[in-house]
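Take a look at the structure below.
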């Protein structure tokens, strides 16, 4: 499917209402698993990409070319909409423009730009800071102006809750909506009351809530969050945390016993090949074989 068609369908899905459960992917394999399980969209997590690709914490180490490369590989692996975490946009408004153009070409369906200073930090870390409101708004205006496909969604995130307070974060989200953001994202609310207040105070624009297992935001059920008015319920790195848990379990068993077969805590060889679409490539190989030609 063409990316324009994917983007158009995703915008329509959000406009129709009803929440979308949005799991994060750190690579193309996790994106294929998400698609295989029937989810509606994928979030390319900057934190997850930094953790898996570099083995480093989410402290602003990942670059635009690396994010674009992984966006393109995920787009090639699945037709699901991809919401791409582009951190701060990698500089000022001119850099944001370049970021949007680059990620749109790579296959993004939505691009997230935040208002942290550079280098950014994970939204659930201490020590964050945000740029002034004028600078934050210039990033969003540049992002909106830069897209070439009108159906590419601009997701504006604010981390002001942790530095300036909850009301200031809402005010920033309101300003981003005025600047043309399609979705807003108030990161790291710290109570159920704050979570409930976000869609109540930002009516008319889709809202994203990020639930980090072990993070600052209380975990609330998907249906309840939908009833509150959220359009996107993000679990940015639950697949990564699950994968870490699974790798530790399998490797601990291997180390303890010195052997491991398919009875252990591992997916089967056959399942692994299915998930990476080997049967499809087997058929292609037969089609293009020169044997007997």
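The values are calculated or read from the model by the stated rules, or taken from the named source; none is laboratory data. These numbers come from a predicted model, not from an experiment. When we count neighbours, we look across all protein chains shown, and the Cβ atoms used for this are built from the backbone with ideal geometry, even at glycine.
Applying the criterion of being touching a helix residue (DSSP H, G or I) at 6+ places or on another chain (Cβ under 6 Å) and part of a helix (DSSP H, G or I) to the residues of segment 230-271, the residue that is surrounded by the most Cβ atoms within 10 Å (Cβ to Cβ) is 239.
Note on segment 107-135: among residues that are surrounded by fewer than 23 Cβ atoms within 10 Å (Cβ to Cβ), modelled with pLDDT of 95 or more and touching a helix residue (DSSP H, G or I) at 6+ places or on another chain (Cβ under 7 Å), the one that is farthest from residue 179 (Cα to Cα) is 107.
Of the set (1) surrounded by fewer than 20 Cβ atoms within 10 Å (Cβ to Cβ); (2) touching a residue at least 60 places away in the same chain (Cβ under 8 Å); (3) assigned to a helix (DSSP H, G or I); (4) touching a helix residue (DSSP H, G or I) at 6+ places or on another chain (Cβ under 6 Å), all apply to residue 32 but (1).
Scanning segment 272-284 for residues that are in a loop (DSSP other than H, G, I, E, B) and closer than 30 Å to residue 213 by Cα turns up just one, 276.
The condition of being in a helix (DSSP H, G or I), modelled with pLDDT of 95 or more and farther than 27 Å from residue 204 by Cβ does not hold for residue 9.
Could you grab me the full set of residues in segment 41-56 that are more than 17 Å from residue 242 (Cα to Cα) and surrounded by fewer than 17 Cβ atoms within 10 Å (Cβ to Cβ)? Selection gives 54, 56.
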